Amino acid sequence: MSKPFYITTTLPYVNADPHIGFALELVHADIIARYKKLLGHEVFFNTGTDEHGLKIYRKALEEGKKPQAYVNEYAAKFERLQDILGLSEDLHFIRTTDEKHMRAAQEFWRRCKERGYIGKKLYQIKYCVGCELEKTDSELENGKCPLHPSLSLETSEEENYFFKFSEFTKRLADFYAAHPDFVVPDVRFNEIKAFVSRGLQDFSVSRVKQKMPWGVPVPDDPEHVMYVWFEALVDYISTLGWPSDEASFDKWWLQSGGVVQFAGKDQIRQQAAMWQAMLMAAGLPPSKQIVIHGFIQSGGEKMSKSLGNVIDPFALVQEYGTDAVRFYLARHIHPFEDSDFTLAKFREAYNADLANGLGNLVSRIMKMAEEHLHDTNVRIEDSNDTNKIPKQFGKALDSYNIQRAAEIVSERAASLDRRIQETEPFRLVKTDKEKGKVIITDLVRELVHIGYLLQPILPETSKTILSAIRDNIMPAAPLFPRR
């Protein structure tokens, strides 16, 4: 019996429409979730929305809306991504305004405080509203946050609750040493190990309610609300029903060996250090693994509304289809480094890889099969054998190298296309029927394997291919019409 497997994305802020960068994180995590199911694992796949904090509170006021009405509107847009991106039907979606999450965050706070890791003190901070994070001088460039250079840092002095992060320097360093594959890729792991080795500083975990009323109330202190990062990270366990649903938590957090967290490179500190220290403080086991991806740029520049280069995943899917978008994010976006995305590059790849590539290949093979294999049965069931997953394909997905896995499928399709060019079975069958049928049958069998390997990456296309083979007919319409 395979272990249960738990995977989650981060929870994006609902202060803007969904963009292609978060679509990348969702699709990559979904590919891994579907791959694990293919191997026989029972999978819990989680995503959701982060809906508290100063940034969201101010945005709601700017639009003349109550914060809850504002976040409801934007959360619905993120929920729609499940359908347009073809995500797993059993995907779990949690919102940080859900009652069960807020209760869990408060219980988590209590446990950390009872164990001596939360206390009050007066302090002065430099704070980036864009990151919702305090900034030390060493993190600034020309007095600005490098991730949000257009925003002025805010400084304030007040009495807040603090998490005693400084007490976890050695514990985190020891944990990293004992788990050499905790963060993927290594370059990001080295980054967080270097950050921890410099010594950790306590960080504020509350805000005065009078200044920032939009947040989860601090237990037993109505004058404060929880700092957004502190309570939002608890969603990774609140979505499991923690602390009340012990059976669910035991299965998905303990028996599974912990959660695999997908996140962008700007969140490594929160995911791989802050959250792990918080779990230790609450007396809970750490995460299993953190997978860090790069950013998607457009035309060599960071996507921004002011530059007009933001890619809308809804519009992209509407024009090209769900699996076309999934394929590009899998095949042409690096799993760990920054990648460039333009509509021209997307269109070029769509026509080359899908319309003229995979789609044309399926049409050619199934046309020959429909015409010449009336009495030949190619067993679809034979493909549903995990032993038939190519070693390199499995190795790629086991190491979260989704691009390499997609390349392997593309290479198999290209090899099949070359075989058609070399053997010309559509001609051979006219002069040597039996020999031609043998080649066509082999081509169909190879197409079965391609359809099978596409299940995690292009689920709908995989279904269409395998259904066409099962019924021995060409798909009713081109899989990927030329654009």
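The values are calculated or read from the model by the stated rules, or taken from the named source; none is laboratory data. Small disclaimer: the values here were computed from a predicted structure and weren't measured. So basically every Cβ, Gly included, is an ideal-geometry build from the backbone, and we count neighbours across all protein chains shown. Ligands, DNA and RNA are stripped out before the accessible areas are found, and what is left, the full protein with its side chains, is counted by its heavy atoms. Shrake-Rupley method; radii C 1.70, N 1.55, O 1.52, S 1.80 Å.
Residues to consider are 308, 321, 258, 283; find the one that is modelled with pLDDT under 95, on the phi > 0 side of the Ramachandran plot and not aromatic (Phe, Trp, Tyr).
308
Return yes when residue 350 is surrounded by 15 or more Cβ atoms within 10 Å (Cβ to Cβ) and touching a residue at least 40 places away in the same chain (Cβ under 8 Å) and no when it is not.
Criteria met by residue 350.
Have a look at 281, 263, 277 and point out the one that is outside any helix (DSSP H, G or I) and either in contact with a strand residue (DSSP E or B) (Cβ under 9 Å, 6 or more places away or on another chain) or open to solvent by less than 20 Å² (accessible area, probe 1.4 Å) (or both).
Result of the check over 281, 263, 277: 263.
Could you tell me whether segment 305-313 includes any residue that is polar (S, T, N, Q) and either in contact (Cβ under 8 Å) with a residue 40 or more places away in the chain or open to solvent by less than 10 Å² (accessible area, probe 1.4 Å) (or both)?
No, because not a single residue in segment 305-313 is polar (S, T, N, Q) and either in contact (Cβ under 8 Å) with a residue 40 or more places away in the chain or open to solvent by less than 10 Å² (accessible area, probe 1.4 Å) (or both).
What is the one condition in (1) open to solvent by 10 Å² or more (accessible area, probe 1.4 Å); (2) in a helix (DSSP H, G or I) that residue 243 does not satisfy?
The failed condition is (2).
Of everything in segment 332-360, what is more than 15 Å from the chain's Cα centre (by Cα) and under 11 Å from residue 402 (Cα atoms)? Give them in sequence order.
Answer for segment 332-360, where residues must be more than 15 Å from the chain's Cα centre (by Cα) and under 11 Å from residue 402 (Cα atoms): just 332.
For segment 59-72, give me each residue that is surrounded by 13 or more Cβ atoms within 10 Å (Cβ to Cβ) and outside any loop (DSSP other than H, G, I, E, B).
Answer for segment 59-72, where residues must be surrounded by 13 or more Cβ atoms within 10 Å (Cβ to Cβ) and outside any loop (DSSP other than H, G, I, E, B): 59, 60, 61, 67, 70, 71, 72.
Grab the helices (runs of 4 or more DSSP H) fully contained in segment 357-455, keeping just those with 1 or more residues being of a type outside the set (Val, Ile, Thr) and modelled with pLDDT under 95.
Ranges flagged: 360-372, 391-398, 425-431, 433-453.
Among the residues of segment 170-217, write down those that are among the acidic types (Asp, Glu) and in contact with a Ser or Thr (Cβ under 7 Å, 6 or more places away or on another chain).
The one that is among the acidic types (Asp, Glu) and in contact with a Ser or Thr (Cβ under 7 Å, 6 or more places away or on another chain): 202.
Across segment 8-51, what is the number of residues that are more than 17 Å from residue 88 (Cα to Cα), part of a helix (DSSP H, G or I) and among the small types (Gly, Ala, Ser)?
Summing the residues that are more than 17 Å from residue 88 (Cα to Cα), part of a helix (DSSP H, G or I) and among the small types (Gly, Ala, Ser) in segment 8-51 gives 1.
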